[in-house]
Each structure stands twice: as structure tokens, then as C-alpha cells.
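Just below is one structure, and these are the notes that go with it.
The values are calculated or read from the model by the stated rules, or taken from the named source; none is laboratory data. Small disclaimer: the values here were computed from a predicted structure and weren't measured. We place every Cβ from the backbone using ideal geometry, glycine too, and count neighbours over all the protein chains shown. Heavy atoms of the whole protein, side chains included, go into the accessibility calculation; ligands, DNA and RNA do not. Shrake-Rupley method; radii C 1.70, N 1.55, O 1.52, S 1.80 Å.
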Amino acid sequence: MKKNSFFLNKYTVSLLIILVCIAADVYLHKGMTRVIIPEKFTSKRSPQEIEPCYQALITKDKHWMKAINTVQRMEALDADAAGFEMDVYFDTARKHFLVYHDTSEISQLNIEAVLDVYATRKLSASIWLDFKNLSRSNQQQSLVYVSYLRSKYGLANKMIIESPAPQWLPAFCDSGFYTSYYTPYFNPYLATEMELIAHLDTISNNIEKYPVSALSGYYFQYPVLKKYFPNYPILTWTNNSGVSLVANSLNRLMLNDSSVAVLLFPGEN
């Protein structure tokens, strides 16, 4: 009778259900769970005291919206949004940015069509430009153009120029733009120690030669970037937390971490 009463007790059953839900949440979000739990990583590399290229960035808070890549999404953006990200490719023939994310879905949308909505709505959000194709061949033209955008739309100290090619970013930082090196893709929780060391050395060598204002990468890279490059603000992105305790905990952790300068959340479709 005592065993049956244990399982029939409504409080016990409720507790078991909660524990099962938590276990399922942890399993489904095991990647996020790893980030929450402290990790030492490798002791064969020490934190690097490398100085960034300091530039100001105006932002009300670090909760920004990801992929505002259409006129419709700009029209739907919260009027009080602190900032948003756009994916852009520079068209050297037309000397302007086209706005789209994947080369499999190329768009002819000119960035000015989206920013005209920004201006019409009198928004004050800062803008993260994920510059997909920055290269030697378009560096100078794109710098002239982005400087024009800054002036036309009143975006002084409100623009991030991000690229995986750090060698072409110093000219932007020297021109007053907040820049970010989009670090190579790696998962520090799945990489071997030698692989992790190789990635850390690549980042270190690049920012020593080509200083930028910040480092950007996936949320699971954030702890290792924070540990080994403490002078650099981190720009990262996450998923909407919904009802997940794990996702909520990680998002709250990053929002409250002073080393994270911007945290992107998915925008509405």
C-alpha cells in the first residue's frame, strides 16, 4: 500500500513529470547545456592581451534582431529595437549592397530600399552588417559606399561591419566603423585539443595583424572567445527560448555577461 500511495500521491507524480521534462529539455538542448556548465578547455594556451581597434557603438541594449533582410521585416521591426542584423553582398558593378543571406537565393534588393523604411519610421536602432563578400577587389568601393550610407541615414557610431576576412577590416575601423572578425567555425566542445589550439592560434594571429573592435561567432564559441581573448567584446546569436528552461538560462546568462556586446535573436518571418 505504501508503494502504491507513493505513486498515487499527486505531488510525487507532479515532481516526476517535472523531472522528466527537465531531463528531456537538457537532452534536446545538450549543446546549450554544455555552454552553461563551466569548461576549462586547453591549458596549453593562455588568454591573449591583444588590443582591439577601439570604436564607439551606440546601442540601448544587447538584445538585437537577426536577419532583417526585407522591406517587410523592416516595416515590422519593433520601433524600440536596440539593433538588428542584415546580410549584405557588395555589387561592384552597381556599387551598392544587395541584401540577402544565401547565394542559393540571390536577391536584387538594394539596401537603400530597406534603409529608406528605417528612415521613414524614424528608427534609432544600430545596424550589424554581415558583409558576406568583403575582399581586396571591393574593399575601397564598399568603404566609400558604407560611409555614404552612414551619412545619408544618420548612422554615425551605429554600424557594425562584420567579415570573416579580417585583413580587409582595418580600413573600416580607421574610418570610424565598429568592426568584427567573424571567427572560423569550430565547436570547442567537440574539437580535439590540437584542433582547438589551431583555431585559437589562427584567431590570435589575425587580430594581432589586423585589429578589429570585436569577435563574432556561434553561441557555443562564446565561452572560449571570452576566455582566450578577454579584451574583445563578443557578438553572437541564439535561438528564441520558448518554454525551454535550458535555452532561457543560456540566453539570460549571455544577456547578463558584460563580455557579450550584442546577442541576436531570430526575427519574425
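Summary table
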{"quantity": "With DNA, RNA and ligands ignored, accessible area of Lys95 (1.4 Å probe; Å², nearest 10)", "calculated": "120"}
{"quantity": "Student exercise, the chain dipole from Lys, Arg, Asp, Glu Cβ charges, in Debye to nearest 20", "calculated": "720"}
{"quantity": "Degrees separating the helix 139-152 axis from the principal Cα axis of the chain, which is the longest one", "calculated": "80"}
{"quantity": "Rounded tilt (10° steps) of 10-28 against the dominant C-alpha axis of the chain", "calculated": "40"}
{"quantity": "Fully extended contour minus Cα-Cα distance, from Ser135 to Val71, at 0.36 nm per residue", "calculated": "20.4 nm"}
{"quantity": "Within a Gaussian network of the chain (alpha carbon springs, distance under 10 Å), most fluctuating of Asp201, Asp87, Asp130", "calculated": "Asp201"}
{"quantity": "Euclidean distance of C-alpha centroids, segment 54-87 and segment 118-169, integer Å", "calculated": "13"}
{"quantity": "Choice from Ala67, Ala165, Ala56 showing the highest fluctuation, given a GNM over the chain with Cα pairs closer than 10 Å", "calculated": "Ala56"}
{"quantity": "Whole-percent pair-distance distribution, where bins are 10 Å wide, for the alpha carbons of segment 206-269", "calculated": "21, 50, 23, 7, 0"}
{"quantity": "Lys/Arg +1, Asp/Glu -1 at C-beta; the chain dipole; positive extreme among Phe220, Phe177, Gln108", "calculated": "Phe220"}
{"quantity": "Overall dimensions of segment 152-233 as given by Cα atoms, namely Rg and Dmax in Å", "calculated": "13.6, 48"}
{"quantity": "Selected from Leu190, Leu225, Leu77 as most flexible by GNM, with the chain as the system and alpha-carbon contacts under 10 Å", "calculated": "Leu190"}
{"quantity": "Mean shadow area of segment 124-269 over all directions, Cα convex hull, nm²", "calculated": "10.2"}
{"quantity": "Radius ratio Rg over Rh of the chain, counting only Cα atoms, Kirkwood formula for Rh", "calculated": "1.06"}
{"quantity": "Globularity ratio of segment 67-149, using Cα Rg and 2.2 N^0.38 Å", "calculated": "1.07"}
{"quantity": "Surface share of carbon and sulfur [accessible, 1.4 angstrom probe, percent] for the chain", "calculated": "57"}
{"quantity": "Longest exposed-site-free window of the chain, the sites being chymotrypsin sites (Phe, Trp or Tyr not before Pro) in a DSSP loop that have at most 13 other C-beta atoms within 10 Å", "calculated": "55-184"}
{"quantity": "Probe 1.4 Å, accessible area per residue of the chain, Å²", "calculated": "51"}
{"quantity": "Unsatisfied cross-links (Cα-Cα over 19 Å) in the set Lys44/Lys227; Lys40/Lys227; Lys44/Lys226; Lys40/Lys209; Lys40/Lys226; Lys95/Lys209", "calculated": "Lys40/Lys209; Lys95/Lys209"}
